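Here's the structure we're looking at; comments come further down.
The values are calculated or read from the model by the stated rules, or taken from the named source; none is laboratory data. All values reported here derive from a predicted model rather than from experimental measurement. Methodologically, a virtual Cβ is constructed for each residue, glycine included, from the backbone with ideal geometry; neighbour enumeration extends over all protein chains shown. Quick note on the areas: whole protein, heavy atoms, side chains included, nothing else; ligands and nucleic acids left out. Shrake-Rupley method; radii C 1.70, N 1.55, O 1.52, S 1.80 Å.
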Amino acid sequence: QVQLVESGGGLVQAGGSLRLSCVASGSIFRIRAWGWYRQAPGKQRELVAGITSGGSTNYADPVKGRFAISRDNAKNTVYLQMNSLKPEDTAVYYCNHIPGVADYWGQGTQVTVSS
């Protein structure tokens, strides 16, 4: 049984930073690609950052240069460092494999960026 627990969200002013964490239990963590997704009110969930088992990363255009994904295989944890936050980054953020596995979605962590 895989369980994903996201944390680190909060309320921040535009231009601020947050670091999200996702701890995965019950998963063969190190051999899988992981991603951070977000879902804003009234919008579909979208992939914003991904990291392969080898550490290669990729980002959606809206977050390039501002967000950085990383992983710690020893801790079964994926991180998302978010800098220069904008109001349009407001969303619930989730982690999951790429592509996302339906049964693995956790509760997510809310990020709210005020202008």
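In the chain, taking the dipole from charged Cβ atoms about the Cα centre, the farthest positive-side position among Val63, Ala91, Val12 is held by Val63. In whole percent, and with a 1.4 Å probe on the protein chains, what portion of the accessible area of the chain is carbon and sulfur? In the chain, the share of accessible area belonging to carbon and sulfur is 47 percent.
Counting only heavy atoms of protein chains, what accessible area per residue, in Å², does the chain have with a probe of 1.4 Å?
Per residue, the chain has 52 Å² of solvent-accessible surface.
Take Arg66, project a point 7 Å from its Cα along the Cβ direction, then tell me which residues of region 1-38 have their backbone nitrogen under 16 Å from it. Counting only backbone N, you get 10-20, 37-38. Taking amide hydrogens as placed 1.01 Å from N in the peptide plane, the amide H of Ala60 sits under 5 Å from those of Ala49, each at least 5 positions away in sequence or on another chain. When a/c is below 1.5 the answer is rounded, else prolate if a/b is larger than b/c, else oblate, so apply that to region 1-41 with a ≥ b ≥ c taken from the square roots of the Cα gyration tensor eigenvalues. Judged from the Cα gyration tensor, region 1-41 comes out prolate (a/c at least 1.5, a/b above b/c).
The listed residues Arg30, Arg71, once ranked by accessible area (1.4 Å probe) with the largest placed first, stand as Arg30, Arg71. Check cross-link reach from Lys64 to the lysines: straight Cα distance under 21 Å, and skip same-chain residues fewer than eight apart. Here the lysines satisfying the reach criterion relative to Lys64 are Lys43, Lys86.
One decimal place: the segment Lys75-Trp105 gains 8.9 nm when fully extended, by the rule 0.36 nm per residue minus the C-alpha distance.
Here the calculated FRET efficiency for Val2 and Ser115, from their Cβ-Cβ distance with R0 = 30 Å, stands at 0.20, rounded to the nearest 0.05.
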